[in-house]
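*Asks:* Here's a structure for you.
The values are calculated or read from the model by the stated rules, or taken from the named source; none is laboratory data. Please read these numbers as outputs of a predicted model, since none were measured by experiment. Positions of Cβ are generated from backbone atoms using ideal geometry, with glycine treated the same way; all protein chains shown enter the neighbour counts.
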C-alpha cells in the first residue's frame, strides 16, 4: 500500500450496471479516506507566511493539502470526489457482492451463532475470495476442499465481526417491522431481508466505509492465502527436511491464520497442519532475526556449557519464512522447574544484552524444562526519543533501558476489575482482565446489544507445568537470578564475541514498536461504530487521535500519517528499522529518515560495554522487585518473624546515626542521575491493592520528597553536604511539576491534599527541608504547592489522602515558614472536617482526623473538642502497626489527652517480638514511633523505648534494613522503605531534634 492509494490499489474498473442501479454511480466516494483525497488545487502552505494554521491545518499540510483546502474537503460532493479520484478495487468487490447476493429462504433454520448468521449476509464477499484461492492454488500437496471450507468460515467470521455493530444498529431500527414470534425468529428475519441484493445494496449504500472494509478485507485475505500456498509449494521439500526431520507429513489439511497481528495487507502468522498431525509455523516477514537469535543462543551455550538452552529451528526466505512448531510439554518432575527457571534467567540476560522487548507470555513456549522463544521480531529494539518538552526523569530512563524492558519480567497492569500480568513469566490461567471487553448480550436475537464486561484469560503455554498446574516463578526466584547471573557474566566475560555478533546484525530488518499494539487494536475496534462508517472523514477524525495525542513527541507525530494508512487497511501499523541506521521504514517500505537518536548498534554496544558487577546487581534488584509485584497483597499487616535471634545492644545516638548513614548510603547508591536531576525506582502500593515497580513520584510516603527529607535531616545532623545535595537535586522536579499542574485543578484534586499520598505531604517535606537546609530556595516552591491545593476541590477526609492530612501539613508549614496562605488553607481544612467520620486506624481513620483537628484546635476550642471526641471513639484493626493498627491510634491519643490505658499499651509494645519488617507504615519502626511519643508523657515507656531501640539497631546491623514490601525487597521510599527506616533510626537517636514525620510535626522550636 502507498499513501494516496486506497486499500492498496486504484483501478479504472467500470461500474457494474446492475449494482450502479442499486447503489448509484458515485456511491463509493464517501468511502475514500482523507489521505487518499489528492489535493485538487492549492500547493502546500508556506510555513513562513502568515499566521500558523490550527492543528487541522497543520495536519492537512503534512498530507500535502494547502491552507484553503480544509473547507473544500468538507464541502466537496461525492460526484466531485469521484470525478478526480480513480475508482478503488474494493468498490468493484462490493458491487459484485451486491449482484451475487441471494436472499435466504423464508423457512431457513433459526441461527444460534450470530457470527454464522451475519456471515450469511456477507456470503458473496466470502464466495468471491474463496473462489480466487481455489483457482490460484491448485496443487497436489494440499486438501483444497477442506482448506477452502476452513478459509470461508474464517473469513466469514472476520467479516461478520467487522459488520456486527452496523448490522445490529440496522436491526434495532427495523424492530416493529420484523416477522417472528420471538427474538431469535425476528433476528433470522432481519438476516434474511438483509442477505438479498436489495438489502445488501441498502446496507453498503448507507455505509460505504463498511463496504470498503468488507471489500478490502476479503481481497487481502485471498491475496495472503494465495501467497502462502505458493510459497509453501515452492519450499515444501526444504520445510520437511529441516523442520520435520525429513519425514513427509502427507497433504496439508488446515491453515489456521490470524495467529498474530495483521500487517501489510492482512498478512499474519499462520499454523499449517498436515495429515499425520505434524505442524509448522508460517511467518510473512523477514526471519533473519530468528537466525541471528539462534546464533546468539549458540554463543551463550558455548560460554555456559551446562546451560543447554534450546531454540526453534527456522527456514528463512527473503521476506518470509517457516519456523518449527514447538509443542508445550509438562515437566518430568517438579525439580526440573529450577532447571527451567535457571535457563529462563540466562535467556533474560541475553535478551537484555541485545536490547529486546515485548517478550510477553504468548512469545514463549514451555517445552519441558526448556523455555523456548518462538517470536524474535522485537530483538534489537531502539530506545525511542521521549517528549521534547519535558526534562528526562532519570529513574524512568533507567527502567526503560533495564532488564524490565524485555517484558519477560512481570509487568502487572491494573484496572477497574483487578490486575493481570501478561509478561513472559506471567499469563496466569483464570486471570480476570483488568479492563472490560466488548461482548454481545442476547446474541442472535433482535435484542442483541454490545456491553462491556471483564473477561477471563484462558492461559498461555509459557509456564512450566507439573501435575496439571502452572508453576509460579516467585517460587523459583533463586534459580531465575542464578541463571540471569550466569548469562550476564557470560556476556561480560565474552564481551568481544557478543559485540561481534551484534555487528553481524547490521543489515537485518527488525520491527520497531512505536506505540502499544493494544492502543491500535482499541482504535480499530472503535472505528467499526456505524456512525463512523457513513463517511470516511468521520473515521479519519477518530484515527487523528494518533496525531493529536502525539503532541510533544516528534517521532510519533512524524509517523502518525503512516499509522493511519495501515489502520485504514485494517492492519496494525508496522515500522521496521536496521540496527546500523537511524532511519525507519513504514509497512510499504517507505523510508522515514533520521528519526532515531542513536543506532541500535551503538545502543547495544554501549550496553554490553556497560556490563559490570554494579550494573548486574541493579538488574538483579529489578528482577526481584518485579517478582514481588506478583506476590499477593496481604494488607497493612506484618507478621513475618526475624530469621534468627536478636539482642538488646547499646543504642547510643552515634551508633544509631552511623546505622542511618549506612541506610542513606544504600539509597544514594541506588539513585538514578541525569543532569541535575536525581530519582529512584521503587515498589509502590497502588490503590492499596497492587504493588508496582515505578519511577518514584513526588509523594511523601512513596516518592522522592520523602527520601529527600530523610537525607536533608541526616545532612543537618552529620554536616555531610553530599546528603543535602542529593536531597535538593531530588526535589528539583517539584517546581516544574507544580507549574504544569497549575492549570489542571482536576488532576490536583485527583492526587489529593493528603499527608502521605498528596500535596499536603509534599508541602510539608519541602518546608522542613527549607529549615534543615537554609541555603536552598524552597520557600517559593512550597508556596506554589499550597496555592494549587487551595484552588482545587477534594472529597476525602482522612490523614493519608485527604483533608486531615492537609490540615496537619498546613499547620506544620505555617509553623516552619510563617506562610499566611498555609494558615488560611488550614482554617478551610479544619472547617471541612467538623462533620467528618473516619474508618479504623490512623492513616485512613478517625484517629488521624481527630489528631489534625485537636492540634489545630490549640487555638480553637470547637475544633479541639471535635478532635478529642473523634480520638476517643477511634478504633483500629487487629494488629499493632501504625497505619491502621494500634500504634497510630495510641500515639495520637497520647498527644492530645491523658490515656488511662497508656501503661498497658507500653507493656504490650515492649513485650511483643521484633518484626522482620522494620518499616514505618506497618512495621517495627512505626510501632516504635508510638513508644517514642509515649516516652514523652509516660516515664515507664522510657526503658521500654531504650530496649526496643537496642533491638532495632541489632536487627539492622545483623540482618539489614528489611522493608515493608513483598518478600522484603529493598525499596527507597519513606513509608515502607529504606528512607523510613533511616528516619526511624534518627528519631530513636535524636528525638529532641528529629520531629515525627508520621505525625507531620514541625521542627522542634517552630510554632
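*Asks:* Since residue 195 meets every condition but one in (1) out of contact with any helix residue (DSSP H, G or I) (no Cβ under 6 Å at 6 or more places or on another chain); (2) crowded, with 19+ Cβ neighbours inside 10 Å; (3) at pLDDT below 95, which condition does it not meet?
*Replies:* Going through (1) out of contact with any helix residue (DSSP H, G or I) (no Cβ under 6 Å at 6 or more places or on another chain); (2) crowded, with 19+ Cβ neighbours inside 10 Å; (3) at pLDDT below 95 one by one, residue 195 breaks only (1).
*Asks:* Another question, then. Mind listing whichever residues of the range 789-798 are part of a helix (DSSP H, G or I) and either buried (at least 21 other Cβ atoms within 10 Å of the Cβ) or out of contact with any helix residue (DSSP H, G or I) (no Cβ under 8 Å at 6 or more places or on another chain) (or both)? Outline the logic, then answer.
*Replies:* Of all residues in the range 789-798, those part of a helix (DSSP H, G or I) come to 789-791.
Once the filter is applied, which keeps residues that are part of a helix (DSSP H, G or I) and either buried (at least 21 other Cβ atoms within 10 Å of the Cβ) or out of contact with any helix residue (DSSP H, G or I) (no Cβ under 8 Å at 6 or more places or on another chain) (or both), the range 789-798 yields only 789.
*Asks:* Additional query: Within the range 372-391, can one find any residue that is touching a strand residue (DSSP E or B) at 6+ places or on another chain (Cβ under 7 Å), surrounded by fewer than 19 Cβ atoms within 10 Å (Cβ to Cβ) and under 30 Å from residue 686 (Cβ atoms)?
*Replies:* Looking for residues that are touching a strand residue (DSSP E or B) at 6+ places or on another chain (Cβ under 7 Å), surrounded by fewer than 19 Cβ atoms within 10 Å (Cβ to Cβ) and under 30 Å from residue 686 (Cβ atoms), one finds at least one in the range 372-391, hence yes.
*Asks:* Could you list all residues from the range 458-479 that are in a loop (DSSP other than H, G, I, E, B) and surrounded by fewer than 17 Cβ atoms within 10 Å (Cβ to Cβ)? Let's see the steps before the verdict.
*Replies:* Of the residues in the range 458-479, the ones in a loop (DSSP other than H, G, I, E, B) are 458-464, 467-468, 471-472.
458, 459, 467, 468 - these are the residues of the range 458-479 that are in a loop (DSSP other than H, G, I, E, B) and surrounded by fewer than 17 Cβ atoms within 10 Å (Cβ to Cβ).
*Asks:* Every residue in the range 924-963 that is part of a loop (DSSP other than H, G, I, E, B), out of contact with any helix residue (DSSP H, G or I) (no Cβ under 7 Å at 6 or more places or on another chain) and over 21 Å from residue 617 (Cα atoms), please. Full working, then the answer.
*Replies:* Start the filter on the range 924-963 by keeping residues that are part of a loop (DSSP other than H, G, I, E, B), which leaves 936-940, 960-963.
Checking which are out of contact with any helix residue (DSSP H, G or I) (no Cβ under 7 Å at 6 or more places or on another chain) leaves us with 936, 939, 960.
Once the filter is applied, which keeps residues that are part of a loop (DSSP other than H, G, I, E, B), out of contact with any helix residue (DSSP H, G or I) (no Cβ under 7 Å at 6 or more places or on another chain) and over 21 Å from residue 617 (Cα atoms), the range 924-963 yields 936, 939.
*Asks:* Scan 145, 153, 98 and give me the residue that is in contact with a helix residue (DSSP H, G or I) (Cβ under 6 Å, 6 or more places away or on another chain) and either assigned to a helix (DSSP H, G or I) or touching a residue at least 24 places away in the same chain (Cβ under 8 Å) (or both). Break it down into steps so the answer makes sense when it comes.
*Replies:* On the way: 145 fails: in contact with a helix residue (DSSP H, G or I) (Cβ under 6 Å, 6 or more places away or on another chain); 153 fails: in contact with a helix residue (DSSP H, G or I) (Cβ under 6 Å, 6 or more places away or on another chain).
Result of the check over 145, 153, 98: 98.
So that you can scan it fast, the table gives a plain yes or no per residue for (1) modelled with pLDDT under 95; (2) within 30 Å of residue 497 (Cβ to Cβ):
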| site | (1), (2) |
| --- | --- |
| 572 | no, no |
| 575 | no, no |
| 588 | yes, no |
| 602 | no, yes |
| 610 | no, yes |
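*Asks:* Further question on the same structure: Kindly provide the set of residues from the range 332-356 that are surrounded by fewer than 19 Cβ atoms within 10 Å (Cβ to Cβ) and either at pLDDT below 95 or assigned to a loop (DSSP other than H, G, I, E, B) (or both), ordered by number.
*Replies:* 332, 333, 334, 335
*Asks:* Residues to consider are 880, 869, 831, 835; find the one that is assigned to a loop (DSSP other than H, G, I, E, B) and either out of contact with any helix residue (DSSP H, G or I) (no Cβ under 7 Å at 6 or more places or on another chain) or not assigned by TED's automatic domain parsing to the domain that holds residue 976 (or both).
*Replies:* On the way: 880 fails: either out of contact with any helix residue (DSSP H, G or I) (no Cβ under 7 Å at 6 or more places or on another chain) or not assigned by TED's automatic domain parsing to the domain that holds residue 976 (or both); 869 fails: assigned to a loop (DSSP other than H, G, I, E, B); 831 fails: assigned to a loop (DSSP other than H, G, I, E, B).
Residue meeting the stated conditions: 835.
*Asks:* Give, as residue ranges, the helices (runs of 4 or more DSSP H) completely inside the range 542-656 that count at least 3 residues that are without any contact (Cβ under 8 Å) to a residue 40 or more places away in the chain and under 25 Å from residue 355 (Cα atoms). Spell out how you get there, then give the answer.
*Replies:* On the way: elements: 545-548, 554-568, 600-609, 613-628.
Because the criterion is at least 3 residues that are without any contact (Cβ under 8 Å) to a residue 40 or more places away in the chain and under 25 Å from residue 355 (Cα atoms), the helices (runs of 4 or more DSSP H) in the range 542-656 that meet it are 554-568, 613-628.
*Asks:* Considering only the range 951-994, how many residues are under 39 Å from the mean Cα position of the chain (by Cα) and over 18 Å from residue 663 (Cβ atoms)? Spell out how you get there, then give the answer.
*Replies:* In the first step, residues of the range 951-994 are kept if they are under 39 Å from the mean Cα position of the chain (by Cα); the result is 952, 955-987.
Subsequent filtering for residues that are over 18 Å from residue 663 (Cβ atoms) retains 966-967.
Qualifying residue count for the region: 2.
*Asks:* Does any residue of the range 403-410 turn out to be outside any strand (DSSP E or B), at positive phi and at pLDDT 95 or above? Let's see the steps before the verdict.
*Replies:* Residues of the range 403-410 outside any strand (DSSP E or B): 403-410.
After this cut, where a residue has to be at positive phi as well, the list is 407.
Now narrow it down to the ones that are at pLDDT 95 or above: 407.
Among the residues of the range 403-410, at least one is outside any strand (DSSP E or B), at positive phi and at pLDDT 95 or above, which makes the answer yes.
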